Structures are given as structure tokens and as C-alpha cells.
Amino acid sequence: MIKQPRSTLARFLESFFRQHMLVQRRASPETISSYRDSMRLLITFASERIAKRPNQLSIEDLDRDMVLLFLDHLERERHNSIPTRNTRLAAIHSFFHHAASQDPVSVNLAAKVLGIEGKKTTKPLLGYLDKPDLDAIIAAPNPNTWRGRRDHTLLLFLARTGGRVSEGMGVNVGDLILQRPAHVLFRGKGGKERAVPLAKDAVAALNALLEERGVAAQPHAAVFVNSRKHRLTRYGVNHILCRAVHIAAKARPSVGTKAISPHTLRHYSAFRTMPSEVGCHSRLIGKYRSQRR
């Protein structure tokens, strides 16, 4: 029995994720997951549209017309927003850039797909929180339970540092310096490091949480975990914030009238870095590295 060769599409996909995304771009797990979902949705759509199994598809099946139909499908049938549509398109563009660089025969096909432009959209105004609103949300979790103390510490940490959800959830115990000048080392997009000062109330809450969990001396342990001791996800953070907003709105109705997301906390400048107190970010990173040697 003659073994059927793997399709060009399968080989492109494998090299795209294993070599281009992981090795060359050193993309974050979140980015890789998003791109993988985008390509999976496109391949599933094309497979159903032309009645071929996914492993039988060729890269020629994913031409400009197919991609345009897929993007319309996202909006009309999956009810995706324009930003989500554009995110999927960005992943497809990245894949076809890679395909064109690997196979000159695919250049013309790739050029047509790369010519598809993202849709313009107006950015909504960010939800605004004043200090009493934010204080009400941070105080909402029940301090008499472990989950409540974790939620309080998490919300306080995000509000005081202005960190992205992905940065906050990626923090390990070893990334925290809880002595003066207290700060946390974030690893953001593109592997960039930045040291962010920690306010006194955040330091106290973090110390208490780590002591309660018994992981204060475990540098590789995740700081924020769920009830199964697994690292919190973006979905988990959104759920925690929604629960806190719902509780806070009962005591402070103005909270319930606002669109509040983790990004809202990121843009709330409740804590400002003072050079005289903590120094510049590069000095903090230097201190962090010297203390870990």
C-alpha cells in the first residue's frame, strides 16, 4: 500500500506553528492559541464548504474568495465583532506571509489573500472608574473565604500595577520583590520585561495570600490560582471581576451603570511611580536580577 504524501497545507501549518511562531517569533502561548483557533476555524469552514476532509485540503483551497466568505461567515453566522474579525484576518495574513516565504509557487495566491484589508471600526470609550467605584469593587469579595481573599488580592494587584491580564496571570512568586522597593517583573508582548512598583496595600495582600497558600518560598509557583491549584485563566479573571462588580453595584449603584473590564482596571491610574521612591524601571530590573543570582 502506497502511503499518501502529506498535503502542502499540512506541511505549511506545521512549519508555521512549530518553526515560525515558536522559534522565530517566540510568540506568547496566548498568541499561538489565538492563531491556532483562527486557522482551525478557517480550515473547518473551507472543509465544509467544498466537501473535503481537512487533511485533503490544499493551500489553493484557501484562496482569496474562500477567505472573504469565511470572514463574512464570522460576522453573519458566528456574530463576531469587527475587532474579532480583524484578529482572525491578522492570523491568516501571518500564515500566508510564511507560506509565500517557504514556497515561491504560493506567492501569487498569498499576495491576493494579503490584499484583503481589515474593516475599520470606531473604538468605544473606555469605562471610567472613579476612586470610590474602584474601592467598592476591590472590597466586594468576601474576606472570610480563601476565594474572597484571592479575588481581593487579584483585583487590587491589577488596579495598582495596571498590568495586562496575561501579564498578571503569568506572574510567579519569584517575579515578586516584596521588600523595599517592592515591585513585580512583568513579561509582556514580544518577551519584553518591565518592572512595575507595588503599592503598600498590594504588598500586604500578596504577602498574606502567599503565606496562606504556603508558597512564599517557591519561586516557580503561580501567584494566582483557582480552586484546583491551576493557574488562573483570562476567563477566570473576567468571572472574578464580573462577580465583584455585581456585588459592588448593590452598595454603589453607579458601578452597575458602567462597562467594566480588566482593561478598565489597567487604565485606572490609582498608583503613580515616583522616581524618588522606586527609581526607573531599568534600575528595578537590575535589582531584581541581582537578587536572583
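Using only Cα atoms, find the angle between the long axis of helix 281-291 and the longest principal axis of the chain, and express it within 0 to 90 degrees, rounded to the nearest 10.
On a 0 to 90 degree scale, this one is about 80.
For the chain, what is the mean residue ellipticity at 222 nm derived from helices alone (per DSSP H run of n ≥ 4: -39500 (n - 2.57); sum divided by total residues; nearest 500 deg cm²/dmol)?
It lands at -16500 deg cm²/dmol.
Which value, in debye to the nearest 20, describes the size of the charge dipole of the chain about its Cα centre when Lys and Arg Cβ atoms bear +1, Asp and Glu Cβ atoms bear -1, and nothing else is charged?
It comes to approximately 620 debye.
Roughly what angle does helix 234-251 make with the longest principal axis of the chain, taking Cα atoms, 0 to 90 degrees, to the nearest 10?
In the chain, helix 234-251 runs at an angle near 50 degrees to the longest axis.
Looking at the chain, which longest stretch skips every one of the GluC sites (Glu not before Pro) that is in a DSSP loop with at most 16 other Cβ atoms within 10 Å, leaving the sites themselves out?
Answer from the scan: 118-293.
Trp146 versus Val107, label points 7 Å from Cα toward the beta carbon: distance in nm?
6.0 nm
So for the chain, averaging the separation of alpha carbon pairs under 8 Å that are six or more residues apart and normalising by length, what relative contact order in percent results?
Value for the chain: 18 percent.
Arrange Lys119, Lys131 by Cβ neighbour counts within 10 Å, fewest through most, would you?
If I rank by nearby Cβ atoms, fewest first, I get Lys131, Lys119.
Per the Kirkwood definition applied to all pairs of different Cα atoms, how many angstroms is the hydrodynamic radius of the chain?
22.0 Å
Quick one: His97, His230, His20, fewest Cβ neighbours within 10 Å first, how do they rank?
His230, His97, His20
Output the 0 to 90 degree angle, nearest 10, between the alpha-carbon long axis of helix 146-161 and the longest principal axis computed from the alpha carbons of the chain.
Approximately 80 degrees, to the nearest 10.
Each value in this text was obtained by applying a stated rule to the coordinates, not by laboratory testing. All figures in this text were calculated on a predicted structure; none of them were measured in a lab. Note that each Cβ is placed from the backbone with ideal geometry, even for glycine, and that neighbours are counted across all protein chains shown.
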